[in-house]
Amino acid sequence: YIYPVTKVISCSINLAISVIPLLIVTVLTGAKITKAIVLIPYALMCILLFCIGLSLLLCTTMVFFRDTKYLWGIVSLVWMYATPIFYPADILPTQFHFIQALNPMYHYIQFIRTILIQGISPEPQAYLICAAMSLVTCLIGAIVFKKNQDKFVLYI
């Protein structure tokens, strides 16, 4: 467990350090900072748990299937474009909104956008969705990793 978890935590420390210049730019540009910004750590903790679970799953698959490293690069690129990061979420027709709801990152992005752009707390349902997806992914990743960790030595 140590290697995947420390990799995610070290990347989250990098994220925390890179938020400092973002806050400086925000203050210099005169953007409005509301009280809702104190909710950002909740979203970041949910994303951290989600990433730990995902990294445990990826580590397990990478041991058995060496091409996972290359396939994950493609999957993550497609996933980034499928998540409304660079475009508004309502740009898609309404019949495709259910597909967006299946994307876990969509909910995290919407949660953070509600806080930063609208300056309000997200709906209680958003808190539950983010926490549930984080916990489920982390539990699945831990279970799969634990179940297969004794086989790692045979495939390395």
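The values are calculated or read from the model by the stated rules, or taken from the named source; none is laboratory data. This is a predicted model, so every value here is computed, not measured. A quick note on method: Cβ atoms are made from the backbone with ideal geometry, for glycine too, and the neighbour counts reach across all protein chains shown. These accessible areas exclude ligands, DNA and RNA; they are computed on the full protein's heavy atoms, side chains included. Shrake-Rupley method; radii C 1.70, N 1.55, O 1.52, S 1.80 Å.
Does Ile40 qualify as being open to solvent by 90 Å² or more (accessible area, probe 1.4 Å) and either over 21 Å from Thr137 (Cβ atoms) or assigned to a helix (DSSP H, G or I) (or both)? Considered against the rule, which asks whether it is open to solvent by 90 Å² or more (accessible area, probe 1.4 Å) and either over 21 Å from Thr137 (Cβ atoms) or assigned to a helix (DSSP H, G or I) (or both), Ile40 comes out as no.
Across the range 73-91, the number of residues qualifying as more than 21 Å from Leu48 (Cβ to Cβ), assigned to a loop (DSSP other than H, G, I, E, B) and open to solvent by 60 Å² or more (accessible area, probe 1.4 Å) comes to 2. Hey, any hits in the range 128-137 for a residue that's assigned to a helix (DSSP H, G or I), surrounded by fewer than 16 Cβ atoms within 10 Å (Cβ to Cβ) and modelled with pLDDT under 85? No, because not a single residue in the range 128-137 is assigned to a helix (DSSP H, G or I), surrounded by fewer than 16 Cβ atoms within 10 Å (Cβ to Cβ) and modelled with pLDDT under 85.
Scan the range 43-72 residue by residue and report those that are open to solvent by 80 Å² or more (accessible area, probe 1.4 Å), part of a helix (DSSP H, G or I) and over 18 Å from Cys138 (Cα atoms).
Hits for the range 43-72 are Lys69, Tyr70, Leu71.
Checking the range 118-127 against the condition returns a match, with at least one residue being open to solvent by less than 40 Å² (accessible area, probe 1.4 Å) and within 19 Å of the chain's Cα centre (by Cα).
Filter the range 1-25 down to the residues that are of a type outside the set (A, V, I, L, M) and either in contact with a helix residue (DSSP H, G or I) (Cβ under 9 Å, 6 or more places away or on another chain) or closer than 29 Å to Gln125 by Cβ (or both), then identify the one that is most open to solvent (accessible area, probe 1.4 Å).
It comes out as Tyr3.
Restricting to the range 78-117, and then to whatever is among the β-branched types (Val, Ile, Thr) and farther than 14 Å from Ala43 by Cα, can you tell me which residue is farthest from the chain's Cα centre (by Cα)?
Residue satisfying both the conditions and the ranking: Thr94.
Checked against (1) part of a helix (DSSP H, G or I); (2) over 30 Å from Phe152 (Cβ atoms); (3) of a type in the set (A, V, I, L, M, F, W, C); (4) touching a Ser or Thr at 6+ places or on another chain (Cβ under 9 Å), Met105 passes all but a single condition, namely (2). If you go through the range 26-37 and keep only what is assigned to a helix (DSSP H, G or I) and open to solvent by 80 Å² or more (accessible area, probe 1.4 Å), you end up with Val27, Leu28, Thr29, Lys35.
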